[in-house]
1. Which of the residues that make up segment 57-81 are surrounded by fewer than 16 Cβ atoms within 10 Å (Cβ to Cβ) and over 21 Å from residue 119 (Cα atoms)?
2. Can you confirm whether residue 164 is outside any loop (DSSP other than H, G, I, E, B), closer than 17 Å to residue 247 by Cβ and assigned by TED's automatic domain parsing to the domain that holds residue 229?
3. Given the conditions (1) among the aromatic types (Phe, Trp, Tyr); (2) free of Cβ contacts under 8 Å to residues at least 12 places away in the same chain; (3) touching a Ser or Thr at 6+ places or on another chain (Cβ under 9 Å), report the number of the one that residue 10 does not fulfil.
4. Quick one: in segment 149-188, of everything that is acidic (Asp, Glu) and in contact with a Lys or Arg (Cβ under 9 Å, 6 or more places away or on another chain), which residue is farthest from residue 12 (Cα to Cα)?
5. With 47, 41, 26 as the choices, which residue is in a strand (DSSP E or B), in the same structural domain as residue 151 (by TED's automatic domain parsing), among the β-branched types (Val, Ile, Thr) and closer than 19 Å to residue 140 by Cα?
6. Those residues that are farther than 18 Å from residue 226 by Cα and either buried (at least 22 other Cβ atoms within 10 Å of the Cβ) or aliphatic (A, V, I, L, M) (or both), I need them from segment 158-181; list them, please.
7. If I ask for residues that are within 11 Å of residue 197 (Cα to Cα) and assigned to a helix (DSSP H, G or I), which ones from segment 223-233 would you list?
8. Can you confirm whether segment 295-311 contains a residue that is without any contact (Cβ under 8 Å) to a residue 40 or more places away in the chain, closer than 20 Å to residue 258 by Cβ and among the hydroxyl-bearing types (Ser, Thr, Tyr)?
Amino acid sequence: MSADMPPAEFSFELHHTDGAARRGTVHTPRGAIRTPAFMPVGTAATVKTMYPDQVRKLGADIVLGNTYHLMLRPGAERVARLGGLHQFMRWPHPILTDSGGFQVMSLANLRKMNEQGVTFQSHIDGSRHELSPERSIEIQGLLGSDIQMQLDECVALPSSEQDIERAMELSLRWAERCKTAFGNQPGKAMFGIVQGGDVSHLRERSAQALSAMELKGYSIGGLAVGEPQAVMLDMLSVTCPLLPATKPRYLMGVGTPDDLLQSVARGVDMFDCVMPTRAGRHGLAYTRRGKVNLKNARHADDPRPLDEDSSCPAARDYSRAYLHHLIRCNEALGAMLLSWNNLHYYQSLMQGMRDAIEAQAFADFTAATKHNWASGDLKPVT
């Protein structure tokens, strides 16, 4: 097979380490995923306010689709009839779909859970649906995603240790059922999800039990759900060393730029989060010098761009005064430009981390990045 041809199977290759930080590549038939990787969230088959080509050019190797939302609208069977999610959303590169478990957790008033699965009401029209481990995998197969997630129960924090343990054990049983339902799908992968809340020994039990299932990848769930960052980082320090070094590690739903830096330092390979696009829609920009709130009146007469040295046109070519105007007027272009800027910043941060790990300079990169954040935004013009 030619070196230029994509592999027929899913695999993970670890290239460099610097402390616990890892630089690797997830190989899939639809393309390589450079790690550490940030996956833009395409909840309803779109990364909000962004064209697919833009997302790709910013450096994204993979995007995330949401099983819960896509099963409700337009429907997994319809997407399958239309050629699958890749063709439907015009993204021929890798796609990861979550299981729907997190959204079901957030619908606590609209769902009932038992050993078999979850019965819930649609937040759209109140219709009733059943989501079992087998149905979740079936939906993800109909969508055609490259990486599929097991169905799990994610509890909000804080919760009692008893409830956290119950949910963790249920998630392990569901992982076994998902593995059976997934079977052997050439070129694709199913990831298990480590649960255990903020209880170290439950995280350890979950990680060890999932590792014994010999899955193709492992996710860390149930974090960034209300706990302080320090708790999240403690749980990563407990969990990551127990997961197979030869498999990718994915921290779900995280997070801020600092979360990404700190989590990579503890051995995480993959991330997703709505934060860059959601913040962009609400007037918040991420830059080398930290966050900039374009709603603030101090930007109204500022002719300078967000970052004149940025390679992103949204950051370099539009004045702060114009961005402020767009956001204050609720113009769609404001959300588009700031989401563009934010995703560019996130992908640039990931590339910086990959380069630093290869150069055995991750600690220096982290220190320099934090120094830039601490230096603060440009002083207002006077």
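1. Within segment 57-81, the first condition is being surrounded by fewer than 16 Cβ atoms within 10 Å (Cβ to Cβ), and the residues that meet it are 57, 73-75, 77-78, 81.
Matches in segment 57-81: 57, 78, 81.
2. On the way: outside any loop (DSSP other than H, G, I, E, B): yes; closer than 17 Å to residue 247 by Cβ: no; assigned by TED's automatic domain parsing to the domain that holds residue 229: yes.
Here the answer is no, as residue 164 does not meet what is asked.
3. (2)
4. 165
5. Details: 47 fails: in a strand (DSSP E or B); 26 fails: closer than 19 Å to residue 140 by Cα.
It is 41.
6. Once the filter is applied, which keeps residues that are farther than 18 Å from residue 226 by Cα and either buried (at least 22 other Cβ atoms within 10 Å of the Cβ) or aliphatic (A, V, I, L, M) (or both), segment 158-181 yields 170, 171, 172, 174, 175, 178, 181.
7. First, the residues of segment 223-233 that are within 11 Å of residue 197 (Cα to Cα): 223-227, 231-232.
Across segment 223-233, the qualifying residues are 231, 232.
8. yes
The values are calculated or read from the model by the stated rules, or taken from the named source; none is laboratory data. On a predicted model such as this, the values are computed, not experimentally measured, just so you know. Don't worry about glycine lacking a Cβ; one is built from the backbone with ideal geometry, like all the others, and counts go over all protein chains shown.
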